[in-house]
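Nothing in this text is a laboratory measurement; each read-out follows from the coordinates by a stated rule. Keep in mind that what you see is a predicted model, and the values were worked out from it rather than measured. Heads up, the Cβs are rebuilt from the backbone with ideal geometry, glycines too, and the neighbour counts pull from every protein chain shown.
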Ligand SMILES: *Cc1c(COP(=O)(O)O)cnc(C)c1O
């Protein structure tokens with residue numbers, strides 16, 4: 001892995017203990033993921049572990065990359081752009097947050113996947129920016145599987161079908177799958193049914209001839225349920241980096 005040299009030297013500003021903790025967190029998380037995979041007869045290699053590095057400084061992210069992480073997720077467009085300029089290496093960026101059309105330009109170069117497409121307007125803008133740099137942008141449709149009105153994402157089946165169909169006709173966009181966030185609750189049944197709904201929606205689309213492979217679901221508090229329900233992309237921040245500090 002190549003990481004720019006300017007960065008390597010800056011790593012000294014973090015205590016060895018902080019860095020060791022991240023390596024340890026990843027090791028523990030990986031063991032739990034493997035255990036859950038074997039419990040439900042799934043292949044570990046069918047699931048991408050995306051380390052959600054939002055708010056984390058580059059030096060901390062480098063430690064995660066050195067500890068075996070090869071997918072990173074950010075939810076703010078400029079933050080992804082800035083970090084992508086700073087950190088180089090053999091890993092993949094995912095944009096997982098809500099994306100305004102005027103900010104597509106910040107993520108188009110570096111994001112391998114954009115998880116949060118929920119309108120024709122946004123799909124069009126992604127297609128046009130991708131075309132400019134001769135790229136085929138992989139996207140996921142964000143689905144609202146909870147009853148919380150504050151969440152982004154598509155809810156109605158006809159809207160989902162319409163947007164999926166629309167994306168198939170865009171030259172520089174590849175629709176790879178679906179993404180959701182479970183409702184904020186401790187009720188396991190509610191979380192599970194939200195993930196099951198995403199899987200059922202994918203299967204329904206595939207029965208209509210779409211060829212979607214990815215289910216982006218599962219965060220720190222619910223990733224084990226997500227694995228049981230078929231997740232192929234886990235988006236995990238806190239379990240890797242600890243509680244986020246916002247300032
Ligand atoms: C922050 C974030 C995550 C990770 O959340 P954790 O609970 O820290 O694992 C996952 N997905 C999205 C869209 C996020 O914004």
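What area, in nm² and to one decimal, does the C-alpha convex hull of segment 155-246 cast on average over all directions? Mind showing how you got there, number by number?
Details: hull surface 29.5 nm².
Approximately 7.4 nm², given one-decimal rounding.
Test of understanding: ordering 113, 39, 106 by Cβ neighbours within 10 Å, fewest first, what list do you get? Intermediate values should be presented prior to the final figure.
Details: 113 25, 39 11, 106 21.
So the ranking, lowest neighbour count to highest, is 39, 106, 113.
Which distance in Å, rounded to a whole number, links the C-alpha centroids of segment 32-74 and segment 173-194? For segment 32-74 versus segment 173-194, the Cα centre distance is 18 Å.
Can you give the convex hull volume of the alpha carbon atoms of segment 122-173 per residue, in Å³? Kindly include the intermediate steps, with their values, before the conclusion.
On the way: hull volume 3.7 nm³, N = 52.
Per residue, the Cα convex hull of segment 122-173 comes to 71 Å³.
Each principal axis of the Cα cloud of segment 110-206 was evaluated for its coordinate range; sorted largest first, these ranges are 45, 26, 19 Å.
Just want the ordering: 136, 37, 167, from fewest to most Cβ atoms lying within 10 Å of their own Cβ. Could you put the intermediate results ahead of the total?
Values: 136 12, 37 17, 167 21.
Exposure proxy ranking, most exposed first: 136, 37, 167.
The fraction of all Cα pairs in segment 32-117 landing in successive 10 Å bins from 0 to the largest distance is 17, 46, 27, 10, 0, given as whole percents. With N the number of residues in the chain, Rg(Cα) / (2.2 N^0.38 Å) evaluates to 1.00.
Computed per residue of the chain from DSSP H runs no shorter than four, each worth -39500 (n - 2.57), the mean residue ellipticity at 222 nm is -13000 deg cm²/dmol. Ordering 98, 115 from the fewest to the most neighbouring beta carbons within 10 Å gives 98, 115.
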